[in-house]
Amino acid sequence: MADTKTGVGASVRRKEDLRFITGKGNYTDDINLKDQTYAYFLRSPHAHATIKSINTAKAKKMPGVVGIFVGEDVANDKLGGLICGWGITSKDGSGMKAGPHPVLAQGKVRYVGDHVAVVIAETKEQARTAAQAIVVSYGVLPHVVDAAKAMKSKVQVHEVASDNRVFNWSLGNEEATNAAFKNAAHVTKLDIINNRLIPNAMEPRAAIGSYDTGTESYTLYTTSQNPHVARLVISAFHGLAPEHKLRVIAPDVGGGFGSKIFIYAEEVVCVWASKHIGGRPIKWTGDRSEAFLADAHGRDHVTKAELAMDASGKITGMRVHTIAALGAYLSTFSAAVPTYLYGTLMSGQYDIPNIYVEVDAVYTNTAPVDAYRGAGRPEATYVVERLVETAARELKQDPAEFRRRSFVKSFPHQTPVIMCYDAGDYGAALDKALEMSDYKNFAKRKAESAKNGKLRGVGFSAYIEACGIAPSAAVGSLGAGVGLWESAEVRVNPIGTVEILTGSHSHGQGHETTFAQLVVEKLGVDINSVSIVHGDTDKVQMGMGTYGSRSGAVGMHAISKALDKIEAKAKRVAAAVMESSVDDVEFKNGTFTVKGTDKKMAFGEVALQAYLGHKFNSSEIEIGLKETAFHDPANFVFPAGVHICEVEVDVDTGLTKIVDYTAVDDFGNLINPMIVEGQVQGGVAQGIGQALLEGAVYDEDSGQLLTGSFMDYNMPRAANMPSIENFRLGFTCTPCPTNPMGMKGCGEAGAIAAPPAVINAITNAIGVREIAMPATPLTVWTAMQANKKAAE
Amino acid sequence: MENFNYHRPATTTAAAALMKKGKDAKYMAGGHTLLPTMKQGLAAPTDIIDLTAIKNFSGIKVSKTSVSIKAGTTHMEVATSKEIKKAIPALAEMAGKIGGVHVRHKGTIGGSVANADPAADYPSACLGLGATIETNKRKIEADKFFTGMFATALKDGEIITAVHFPIPKKSAHQKFPNPASRYALTGVFVSQDAKGKVRVGVTGAAATAFRATDIEAALSKDFSAKSATSVKIASKSLMTDMHATAAYRANLISVLAGRAVAAAK
């Protein structure tokens, strides 16, 4: 190891934090361009309506107005609509039914918050005031907001989908699975709702679009997790400009959780409209209300799930049917979430010979639904872990031991649902979690709680997830419109400092630290002589961005490859300078030595010589020290672990408190344990949010979003978390075999694992089979009342 | 937010005159309800009359029998007042549970009582302690003050100047916060005076704060937690929304009343 204090495996303090916590970050809204104007989007107040007419005459004359654009302007300019980059084929072989998604509504609005017109003015206030003067005549149509009702509804959200069904997808062997159920000794059935969530990144979305009339090129500053993907989509599908005439910059971004992967109407409109106002830049900064209404939401599944077991209690089959709401339009990666990121994880950590999953994806008159921290895997884990827990209870088996008996125990393990697990030791994580949580003394704690009028419960979640979705050829065969590799460039400067240009994008993950740790490890340089450059399509050669916990597993792998090339090149330079054979040059701790001699050169000296070119033949060795790499992984990586949650429920009010939480995760080798722990804690916080607090509610009658602010949408607060001394984190390690650093992904695990752990604990505490998320005091109290009544 | 004229009068007389003159004028005594509604475009007054510059508009006076709090006194001042903590500790505790720190430093007792938000905390204390609300015109008993959702006995232009709370023998406040907004999903303020008279003020449960007379009757006979919780509250006139059903709120009233009795000091 080059440097135990700042290399791989060290809990290095985050290099970027001083800048962020002292208010020196540079976010999109912090950027102001010369002659900048401001955009305000007029949004639909209706869940579903035709647009009969839009009269902008009065608004256009309002003070400060520079321009107003509506759907017709977009259509006249032949600007393409928003796309879904993943095509799903239905069971019957038919294609996905994608309705049109213009960046400004054309003839129809389909959810409250849909974009109707944009007003561009000298100030934000002027734009907003003028927007109120636009007269839109709507023909209000009936709407459907409930996923469960969409296919039976007479309301038709899109012409292409008569029953509002986007696709009917299936995975697994239906016949074999049905046979397993026929022969089952015991079947556990559950109806499950996975509640709709609103991401609420701390920084709302924002964009500045500008057109340079001299070079005839566009620049878009935007809050994106993947600026190169944004450039690709805006070029290739919206047809705004070819890629070399469009620069996309995603500067500091304040959280994404998936919601900033997608290409949104607002950013496309800002960059498009700039040309139509003579090239003046246009800034839009969404407010919190707009974030609630128009950021892509997450989850929203209605599921029927069944587990079959033989007489010995061995799991023999699983059958799942899910209705997944995708909202009013198909967002960028929406179709992949309830399919290949969901059905493929249904085997959980268990050896299940027969699995069949069927998914009906439906349109509803709600905000689009797309990937949100975990994306499909939290929904799958919730199904698997609620089913397994319930089955264990029905069979009167200890839920930990039932799981242990059912675990996959040898690797690689091919599941019946595509995934091939490469490595793991699920029993080890379970053992560690049981010990850390002192499971054997749970009964004592339960009795203590009872003395205080509290019902104590314990819940397990043995999750598995798949990160670094790959390889590109495989995802392409499943419908992906892109490859899922990553790229990196390593520039060593003549004095030996290092710039890493990465296609990954940091928006809270701490890449400026962890990526630098890899450079320290590999080149032996000081961590302060390394900088990480990301988020600019003019600087970084290419990239796929950050989501699905892929930056470590895929992004760092690309950097690692480029660093290997640097080392190889530097060895050749060092050999030439030290007049020896390359084979005799060794590189360790930042120093090149020649075997069997006392000759040595520091990394910085070699870098300088590489640029001087004085001491080697430049026709044999190219001048300079700069390398690039693309990396396409051989397989997903499979983080897994066991989380155990203990709750206390107040009998009188139904208020649930998480009194103890143990998370044991296997992420392979850790680059920066402190950052990994932070990711687990943050992920668990979001998972607790889903289980206890958060839930988007649309009003059935009006189609309005009732949870449109923090007054009604309950974001997790510190007080909702277990106290830090009762929030235990542990790690096991089975290094990933397809990754040279042996690492897996850690960004989403907490959000994936926590919801079933919490709900299993509550149902255990109050003695019910099912309870809906979020398990608010009202929900829990109501369930207890029903339970009491049933017992009477 | 629309433009408006901003006034900072030095007397209640000047304030009332401005109110009369303004086309759609509003008093502001902290602004923590008014300003958010204006930002959301739900209110657009032509004139804002900020009452906080009125002379002698804030301050706390504690006598042997009562606590008098002038209208412009902030929640933070009430929560941290040594005299109130001694005289009616439950009142100081309650004020310390309103909103967050920022809100407590700006929000005032007069503003809260005049606004009569069905989920605000002060109305339960006013009813639970039998307060008298003093205005620039008269004195009004709390029992006759809260008349409906955001509705009070205040006449147009009338300004609250102080709230007087009789000091009880013992009292306590219990609040079950709305999980999201942290307003009272239901809040109960219980007191018992030297003669044994019990008052139970309830907020957050109905369109306006009210007294739970059934629980008062039970507690008058037997001032115990069990006596309070054994009263079954009718849910008929209580609110149902996405955070709580009427039945759940009815349950909370007895549960919280019981806890208040147990905690009363």
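Each value in this text was obtained by applying a stated rule to the coordinates, not by laboratory testing. It should be emphasised that the depicted structure is a prediction, and the values quoted were computed from it without experimental measurement. Note that each Cβ is placed from the backbone with ideal geometry, even for glycine, and that neighbours are counted across all protein chains shown.
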Task: Relative contact order of chain A, defined on C-alpha pairs under 8 angstrom at six or more residues apart (%) - done: 16
TODO: With a cut-off of 20 Å, note down the residues of region A:430-461 whose backbone N falls inside the zone around a label point 7 Å from the Cα of A:R769 toward its beta carbon.
DONE: A:458-460
Open item on the list: Show me, for region B:52-64, the HN-Hα J-couplings you get by feeding each phi into the Karplus relation (A = 6.51, B = -1.76, C = 1.60, θ = phi - 60°), rounded to Hz, glycine and proline as x.
Closed with: 6, 8, 5, 5, 6, 8, 10, x, 10, 10, 10, 10, 5
Open item on the list: Loop-only trypsin sites (Lys or Arg not before Pro) in region A:60-145, please: DSSP not H, G, I, E or B, and at most 11 other Cβ atoms within 10 Å.
Closed with: A:K61, A:K78
Task: the protein assembly as shown: calculated mean residue ellipticity at 222 nm from DSSP helix runs of at least 4, using -39500 (n - 2.57) - done: -8500 deg cm²/dmol
TODO: Give a residue-ordered list of calculated ³J(HN,Hα) values for region A:92-102 (Karplus: 6.51 cos²θ - 1.76 cosθ + 1.60, θ = phi - 60°; whole Hz; x for Gly, Pro).
DONE: 7, x, 7, x, 5, 9, 8, x, x, 9, x
Task: Debye, to nearest 20: dipole size of the protein assembly as shown, +1 on Lys, Arg Cβ, -1 on Asp, Glu Cβ - done: 4140
TODO: Straight distance only, please: which aspartates and glutamates reach the Cα of A:K52 with their own Cα at less than 17 Å, same-chain residues fewer than 8 apart left out?
DONE: A:E72, A:D73, A:D114
TODO: Using packing as a proxy for protection, rank A:437-447, A:219-229 so that the peptide with the highest average count of other Cβ atoms within 10 Å comes first.
DONE: A:219-229, A:437-447
Open item on the list: Applying a 10 Å radius around every beta-carbon, put A:633-640, A:548-555 in order of their mean neighbour count, most first.
Closed with: A:548-555, A:633-640
- [ ] Starting from the Cα gyration tensor of chain B, take the square roots of the eigenvalues, sort them a ≥ b ≥ c, and report rounded, prolate or oblate (rounded when a/c is under 1.5, otherwise prolate if a/b is larger than b/c, else oblate).
- [x] prolate
TODO: Subtract the Cα-Cα distance of A:E567 and A:K409 from 0.36 nm times their separation in residues, and report this length gain in nm to one decimal.
DONE: 53.0 nm
TODO: Can you grab the distance from the C-alpha centre of region B:129-194 to the C-alpha centre of region A:139-209, Å, no decimals?
DONE: 48
Task: For region B:170-263, convex hull of alpha carbons as volume per residue, Å³ - done: 79
Task: Euclidean distance of C-alpha centroids, region A:254-330 and region A:415-470, integer Å - done: 29
Open item on the list: I want to check the label-to-label distance for B:K197 and A:V140. Put each point 7 Å from Cα in the C-beta direction and report it in nm to one decimal.
Closed with: 5.1
Open item on the list: Per 0.36 nm of contour for each residue apart, how much would the distance between A:K615 and A:Q36 grow if the chain were fully extended, relative to their Cα-Cα spacing?
Closed with: 203.2 nm
TODO: Please compute the net charge surrounding A:A291, taking Lys and Arg as +1 and Asp and Glu as -1 over other residues with Cβ under 10 Å from its Cβ.
DONE: -2
- [ ] Give the calculated FRET efficiency between B:S220 and B:K82 to the nearest 0.05, with a Förster radius of 30 Å applied to their Cβ-Cβ distance.
- [x] 0.40
Task: Rounded to whole Hz, the Karplus (6.51, -1.76, 1.60) HN-Hα couplings of region B:26-33, x for glycine and proline - done: 9, 6, 10, 10, x, x, 7, 9
- [ ] In a Gaussian network model over chain B where Cα atoms closer than 10 Å are linked, find which of B:G100, B:G111, B:G41 has the largest mean-square fluctuation.
- [x] B:G41
TODO: Could you tell me whether region B:5-50 comes out rounded, prolate or oblate from its Cα gyration tensor? Rule is a ≥ b ≥ c as square roots of the eigenvalues, rounded for a/c under 1.5, then prolate if a/b exceeds b/c, otherwise oblate.
DONE: oblate
TODO: Divide, for region B:60-166, the radius of gyration over alpha carbons by 2.2 N^0.38 Å, where N is the residue count.
DONE: 0.97
- [ ] Just tell me which lysines come within less than 22 Å, Cα to Cα, of A:K451; anything on the same chain fewer than 8 places away is out.
- [x] A:K440, A:K657, A:K788, B:K226
- [ ] Would you calculate the separation in nanometres between label points at A:T597 and A:E579, each defined as 7 Å from the Cα along the Cα-to-beta-carbon direction?
- [x] 0.8
Open item on the list: Just to verify a number: FRET efficiency for A:R288 and A:K245, C-beta to C-beta distance, R0 = 35 Å, to 0.05?
Closed with: 0.55
Task: Loop sites in region A:588-677: GluC sites (Glu not before Pro), DSSP, at most 14 other Cβ within 10 Å - done: A:E620, A:E622
TODO: Please tell me which of these pairs span more than 25 angstrom C-alpha to C-alpha: A:K539/A:K588; A:K15/A:K124; A:K409/A:K522; A:K283/B:K39; A:K561/A:K615; B:K20/B:K70?
DONE: A:K539/A:K588; A:K15/A:K124; A:K409/A:K522; A:K561/A:K615
TODO: Go ahead and run the numbers for FRET between A:A443 and A:E792, Cβ-Cβ distance against an R0 of 35 Å, rounding to 0.05.
DONE: 0.85
Task: Percent RCO, i.e. relative contact order, over region B:170-263, from Cα pairs under 8 Å lying at least 6 residues apart - done: 29
Task: Label-reachable residues, region A:743-766, where backbone N falls under 20 Å from a point 7 Å from A:M436's Cα toward its Cβ - done: A:743-762
- [ ] Determine the distance separating the Cα centre of region A:747-792 from the Cα centre of region A:66-104; give it in Å without decimals.
- [x] 40
Open item on the list: Looking at chain B as a GNM with Cα springs under 10 Å, which of B:Q192, B:Q40, B:Q174 has the largest mean-square fluctuation?
Closed with: B:Q40
TODO: Choose one answer from B:G22, B:G96, B:G110: the residue with the largest mean-square fluctuation in a GNM of chain B with alpha-carbon springs under 10 Å.
DONE: B:G22
TODO: Using only the Cα atoms of region B:107-263, build the gyration tensor, take square roots of its eigenvalues as a ≥ b ≥ c, and label the shape rounded, prolate or oblate: rounded if a/c is under 1.5, else prolate if a/b is larger than b/c, else oblate.
DONE: oblate
- [ ] May I ask you to derive the relative contact order of region A:485-631, considering only C-alpha pairs under 8 Å and at least 6 residues apart, and to give it as an integer percent?
- [x] 33
TODO: Report the label-to-label distance for B:A247 and B:D24 in nanometres (one decimal), using points 7 Å from each Cα along the Cα→Cβ vector.
DONE: 4.2
